[in-house]
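Novice: Have a look at this one before I ask anything.
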Amino acid sequence: MVYSKIIGTGAYVPARIVKNDELSKMVETNDEWITSRTGIKERRISIGERTYQIAAKAATEAIKNAGIDKKDIDMIILATITPDFFMPSTANLVQAELGLEDIPSFDIAAGCTGFVYGLQIADQFIKSKQSKTILVIGAEVLSKVTDWSDRNTCVLFGDGAGAVVLKSSNQEGIICTYTGSQGDLQESLTLPAVPLKNPFLQVQNNNGKPNHISMCGKEVFQFATRIMIKSISQVLNKSNLLIDDIDYIIPHQANIRIIDHVARELKVERQRFIINLDRFGNTSSASIPLALDEAHKKKIFCPGNRVIMVAFGGGLTWGAALSNWTM
């Protein structure tokens, strides 16, 4: 039986730290308001680094941590909603930055669930023996799509990248994955692209929305708390395990109130949740691999620990991955 397991992790965040007090000079807010509602104290913001550049730095660290030659990588899967171009893909740019050739590389856009989608795709490629060693990256420069005049959203987001190396093994690593989506015609959480504009339109489209993230906070909270519990339950059911069999949960780092609500509903101690959003904010598809890498570096996990990674995102999307920790 062929399994896939994580053999290396890596992360990178820009050096520029923006604390809540600095945001209070830009919009009507303050540290107490932001912290009490989100749990976020500060975030990292790019001052020139592009998405592919921070992705490549996280990937380089993951490859080094895995103890392999970069030429062993035979696929790159990159999750992002803030690409540098529509084409080439951010994964292609990372491939070039790493000096790799003749391997497939592609982006996936699943909002904040993107990294979990990437893990699921990589796991299937390895289990079907089409690939042996896959680089999975979540990378975002959300500061370029944030409306810095909107206090309801600008306090939430940060920039960063995280990566893992997934390798084929006869030792079970990824136990199971679960993903889902629901088309969001109500536009609860959106990031508009280029509006339709061409010389053949009879009436020119002047209603193009700005390229900023917009969110209906109440609706997203209700969706997030429900779907995270469902996603965790799904991977537990698929693996015939109970929540008490799980050592750690790495949630998407969106809002501490969401995480606390999920912990209460599942009757799981907060200490079993890996949380770093107070220092990095919501980094979308990068949030889970950033937290995973930090926990690994702090030696929080022990071999044999069972870890659930769970996320929700715009789309609407959701998913979870259950893994045996083998490093």
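Each value in this text was obtained by applying a stated rule to the coordinates, not by laboratory testing. In this text, all values refer to a predicted model and were calculated from it rather than measured experimentally. For neighbour counting, all protein chains shown are included, and Cβ atoms are generated from backbone atoms with ideal geometry for every residue, glycine included.
Novice: Full extension from ILE103 to GLU172: what is 0.36 nm times the residue separation minus their Cα-Cα distance, to one decimal in nm?
Specialist: 22.3 nm
Novice: Still on this structure, I have one more. Which value in Å does the Kirkwood hydrodynamic radius of region 231-271 take, with 1/r averaged over all unlike C-alpha pairs and then inverted?
Specialist: Evaluated on region 231-271, it is 11.0 Å.
Novice: Turning to a different aspect of this structure: Could you point to the residue in PHE200, ASN276, THR60 farthest towards the positive end of the chain's charge dipole, with +1 and -1 charges on the Cβ of Lys/Arg and Asp/Glu respectively?
Specialist: ASN276
Novice: In addition: Run the helix sum for the chain: -39,500 (n - 2.57) per DSSP H stretch of 4+ residues, divided by residue count, reported at 222 nm to the nearest 500 deg cm²/dmol.
Specialist: Value at 222 nm, helices only: -9500 deg cm²/dmol.
Novice: Over region 3-171, what is the relative contact order in percent, taking alpha-carbon pairs closer than 8 angstrom and at least six residues apart?
Specialist: 36
Novice: Suppose we keep just the DSSP beta bridges with both residues in the chain; what percent of those would be antiparallel, to 5?
Specialist: Once the DSSP bridges in the chain are tallied, antiparallel ones form about 70 percent.
Novice: Expressed in nm to one decimal, what extension gain is obtained for the pair LEU185 and GLN222 from 0.36 nm per residue of sequence separation less their Cα-Cα distance?
Specialist: 11.7 nm
Novice: Additional query: Averaging sequence separations of C-alpha pairs under 8 Å and six or more residues apart, then dividing by the length of the chain, give the relative contact order as a whole percent.
Specialist: Once divided by the residue count of the chain, the mean separation gives 27 percent.
Novice: Using +1 on the beta carbon of Lys and Arg, -1 on that of Asp and Glu, and nothing else charged, what's the dipole of the chain about the Cα centre, debye to 20?
Specialist: The dipole of the chain has a size of about 380 debye.
Novice: Give the aspartates and glutamates reachable from LYS127 as a straight Cα distance under 13 Å; neighbours fewer than 8 places away on the same chain don't count.
Specialist: Filter leaves GLU172.
Novice: Fully extended, how many nm does the chain gain between LYS127 and VAL2 (0.36 nm per residue separation, minus their Cα-Cα distance)?
Specialist: So the extension gain works out to 44.5 nm.
Novice: Please work out the FRET efficiency for the pair ASP69 and ASP245, using the Cβ-Cβ distance as r and a Förster radius of 51 Å; give the result to the nearest 0.05.
Specialist: The formula returns an efficiency of 0.90 here.
Novice: Given H placed on each backbone N at 1.01 Å, which residues far from SER105 in sequence or on other chains put an amide H within less than 5 Å of it?
Specialist: Hits under the 5 Å cutoff: ILE76.
Novice: Let me ask something else. Could you run the Karplus curve 6.51 cos²θ - 1.76 cosθ + 1.60 with θ = phi - 60° over region 34-46 and give me ³J(HN,Hα) per residue in whole Hz, x for Gly and Pro?
Specialist: With coefficients 6.51, -1.76 and 1.60, one gets 5, 5, 5, 8, 10, x, 8, 10, 7, 8, 9, 10, 5 Hz.
Novice: Let me ask something additional. Need one number: % antiparallel among DSSP beta bridges in region 3-171, to the nearest 5.
Specialist: Around 70 percent of the beta bridges assigned by DSSP in region 3-171 are antiparallel ones.
Novice: Would you work out which of GLY319, VAL145, ILE243 lies farthest towards the positive end of the dipole of the chain, given +1 charges on the beta-carbon of Lys and Arg and -1 on that of Asp and Glu, about the Cα centre?
Specialist: Working it through, the farthest residue towards the positive pole turns out to be ILE243.
Novice: Moving on to the next point. Can you run phi through the Karplus equation (6.51, -1.76, 1.60; θ = phi - 60°) for region 16-31 and list ³J(HN,Hα) in whole Hz, with x for Gly and Pro?
Specialist: 6, 9, 10, 8, 4, 4, 5, 5, 5, 7, 9, 9, 6, 7, 7, 4
Novice: Another one. Grab the eigenvalues of the alpha-carbon gyration tensor for region 14-159, scale each by 5, take roots, and send me the semi-axes largest first in whole angstrom.
Specialist: Whole-Å semi-axes of the equivalent ellipsoid: 33, 15, 14.
Novice: Whole number please: convex hull volume per residue, Cα atoms of region 168-239, in Å³.
Specialist: 174
Novice: In the set [x] 29, 24, 19; [y] 49, 22, 17; [z] 36, 25, 17, which value of semi-axes √(5λ) of the Cα gyration tensor in Å was calculated from the structure you see?
Specialist: Label of the calculated value: [x].
Novice: Placing unit charges on C-beta atoms (Lys and Arg positive, Asp and Glu negative, everything else neutral), compute the dipole magnitude of region 123-266 about its Cα centre in debye, rounded to 20.
Specialist: 380
Novice: So if I place +1 on the C-beta of Lys and Arg and -1 on the C-beta of Asp and Glu, and nothing else carries charge, what would the dipole magnitude of region 234-327 be about its Cα centre? I want it in debye, nearest 20.
Specialist: Taking the Cα centre of region 234-327 as origin, the dipole is about 100 debye.
Novice: Tally Lys and Arg at +1 and Asp and Glu at -1 over the other residues with C-beta under 13 Å from the C-beta of ILE17: what net charge comes out?
Specialist: Around ILE17, the charge tally is +1.
Novice: Still on this structure: Too long at a 19 Å Cα-Cα cut-off: which of LYS41/LYS298; LYS230/LYS267; LYS64/LYS297; LYS70/LYS167; LYS238/LYS297?
Specialist: LYS41/LYS298; LYS238/LYS297
Novice: Determine which residues of region 230-268 fall in the zone a paramagnetic label at SER36 would reach in this model, i.e. backbone nitrogen under 16 Å from the point 7 Å along Cα→Cβ.
Specialist: In region 230-268, the label zone of SER36 (backbone N under 16 Å from the point 7 Å along Cα→Cβ) covers 256-257.
Novice: In sequence order, what are the phi-derived ³J(HN,Hα) couplings for region 238-245 according to the Karplus relation 6.51 cos²θ - 1.76 cosθ + 1.60 with θ = phi - 60°, rounded to whole Hz, with x for glycine and proline?
Specialist: After applying 6.51 cos²θ - 1.76 cosθ + 1.60, I find 5, 9, 6, 10, 10, 4, 5, 7 Hz.
Novice: Pick out, in residue order, every one of the trypsin sites (Lys or Arg not before Pro) in region 288-327 that is DSSP loop and has at most 15 other C-beta atoms within 10 Å; say none if there are none.
Specialist: LYS298, LYS299
Novice: Using r as the Cβ-Cβ distance of LYS230 and GLU22, and R0 as 30 Å, what FRET efficiency do you calculate, to the nearest 0.05?
Specialist: My answer for the efficiency is 0.20.
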